[in-house]
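Here is the structure we will look at.
The values are calculated or read from the model by the stated rules, or taken from the named source; none is laboratory data. None of the values given here were measured: they were computed from a predicted structure. As a convention, Cβ positions derive from the backbone with ideal geometry for all residues, glycine included, and neighbour counts pool all protein chains shown.
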Amino acid sequence: MGKVEKIESGARAARKTLVSGVVLALIGAVLWATTDGIELPVISPSKVGVVLLVVGAIEIVVGLAMVIGRSVRGRQG
C-alpha cells in the first residue's frame, strides 16, 4: 500500500466517523426531543436518545481530530 492509498484510506475513515457521529447525534436528538412522556419497562426512549446524542458527539470530535491530525501531518512532510 503506497502513501497515496494510505492517505485516501485515512480520509475515508475520518469522513465515515464524522458522518456516523452526525447520524447518531441526529437520531439521539430526535428521540430525546419527541419521546419525553413515553415510558417502557426497561428504559425510556428519551434516555436512549441522550446516550446516542453523547456517543454521536464523541464520534464527531474523534472524526474532527482525525481530519485535523492528517492535515497537520500533511503539512509537515
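Within the stretch 31-48, which residues are in contact with a Gly (Cβ under 7 Å, 6 or more places away or on another chain) and in a helix (DSSP H, G or I)?
Result: Leu31, Trp32.
Suppose the filter is in a helix (DSSP H, G or I) and in contact with an Asp or Glu (Cβ under 8 Å, 6 or more places away or on another chain); does Ser20 pass it?
Yes.
Can we say Lys6 is under 18 Å from Gly69 (Cβ atoms) and at pLDDT below 95?
yes
Within the stretch 12-37, take every residue that is surrounded by fewer than 12 Cβ atoms within 10 Å (Cβ to Cβ) and more than 18 Å from Leu53 (Cα to Cα) and give me the one that is farthest from the chain's Cα centre (by Cα).
Only one residue fits best here, namely Gly37.
Restricting to the stretch 20-46, what's the tally of residues that are of a type in the set (A, V, I, L, M) and in contact (Cβ under 8 Å) with a residue 24 or more places away in the chain?
Residues flagged as of a type in the set (A, V, I, L, M) and in contact (Cβ under 8 Å) with a residue 24 or more places away in the chain within the stretch 20-46 amount to 7.
Does Val55 meet the test of being of a type in the set (A, V, I, L, M, F, W, C), at pLDDT below 95 and not in a loop (DSSP other than H, G, I, E, B)?
no
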